[in-house]
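Worksheet for the structure shown next.
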Amino acid sequence: MAKLSTDREILHCIYEMYAADFRANQKMPDDDVGNRIYLPIDVRAVASKLGDDPHVLFGRLYYHLAHEYGYKKDDGARVDLFAFKIADQMHCINYPYLAAILSDHLSQHTENTKAFWLSIAALIVSIVSALATVLPMLSE
């Protein structure tokens with residue numbers, strides 16, 4: 001069975017794979033500004049790079065992540081992270097929105113990592129303190 005990547009790993013992989021395409025997309029003529037944010041992605045290539053099953057990855061993007069992060073703006077316009085089809089392009093990712101979501105994921109990961117290591121440090125201090133209290137009593 002192929003591994004299951006985390007949402008953070010999936011978003012980071014897509015971000016890295018398509019950064020150059022997004023920058024190139026920004027050099028398009030101004031008459032196509034609205035479509036600049038969506039990039040078609042090769043789900044099979046992303047899955048291959050992650051070591052995931054491409055069908056499972058597509059399902060995660062289309063059914064889970066698109067649903068989790070999609071929303072309607074006050075004017076009724078829909079904002080999607082992943083769209084099945086935009087104009088004539090299939091499997092499109094809203095790249096700036098992906099970058100914002102990834103930034104939140106990375107920030108949360110950093111906070112969780114710091115909290116973990118602080119907990120480990122507190123545990124070590126507690127063990128040393130307990131040993132410092134118990135060892136002198138044992139030597140008497």
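Laboratory data are not the source of any read-out in this text; all were calculated from the coordinates shown. Keep in mind it's a predicted model, so treat the numbers as computed, not measured. Reconstructed Cβ throughout: ideal geometry from the backbone, glycine too, with neighbour counts over all protein chains shown.
Overall, the anisotropy analysis places segment 86-128 in the prolate class: the square-rooted eigenvalues a ≥ b ≥ c of its C-alpha gyration tensor yield a/c not less than 1.5, with a/b exceeding b/c. A Gaussian network model of the chain, with springs between Cα atoms under 10 Å, assigns the largest mean-square fluctuation among 45, 122, 66 to 122. Assuming a ≥ b ≥ c are the square roots of the Cα gyration tensor eigenvalues, decide whether segment 7-109 counts as rounded (a/c under 1.5), prolate (otherwise, with a/b larger than b/c) or oblate. Rounded.
The distance between label points at residue 113 and residue 87 comes to 3.8 nm (points 7 Å beyond Cα on the Cα→Cβ vector).
Between 65, 123, 106, the residue with the greatest mean-square fluctuation in the GNM of the chain (Cα pairs under 10 Å linked by springs) is 123. One decimal place: the segment residue 123-residue 17 gains 34.2 nm when fully extended, by the rule 0.36 nm per residue minus the C-alpha distance. With a Cα cut-off of under 27 Å and a minimum spacing of 8 residues unless on different chains, the lysine pairs in the chain number 8.
Sparsely packed loop sites in segment 65-114 (the trypsin sites (Lys or Arg not before Pro) outside DSSP H, G, I, E and B with at most 14 other Cβ atoms within 10 Å) comprise 73.
Evaluating 6.51 cos²θ - 1.76 cosθ + 1.60 at θ = phi - 60° for every residue in segment 104-119, the Karplus couplings come out as 5, 4, 5, 5, 5, 4, 5, 4, 5, 5, 4, 4, 4, 5, 5, 5 Hz, glycine and proline recorded as x.
Rounded to the nearest 20 debye, what is the charge dipole size of the chain about its Cα centre when +1 sits on each Lys and Arg Cβ and -1 on each Asp and Glu Cβ? It would help to have the intermediate numbers written out before the result.
Numbers: 13 positive and 18 negative charges, 29 e Å.
I would put it at about 140 debye.
If each DSSP helix of 4+ residues adds -39,500 (n - 2.57) and the sum is divided by the residues in the chain, what number results at 222 nm, nearest 500 deg cm²/dmol? My calculation for the chain gives -19000 deg cm²/dmol from helical runs alone.
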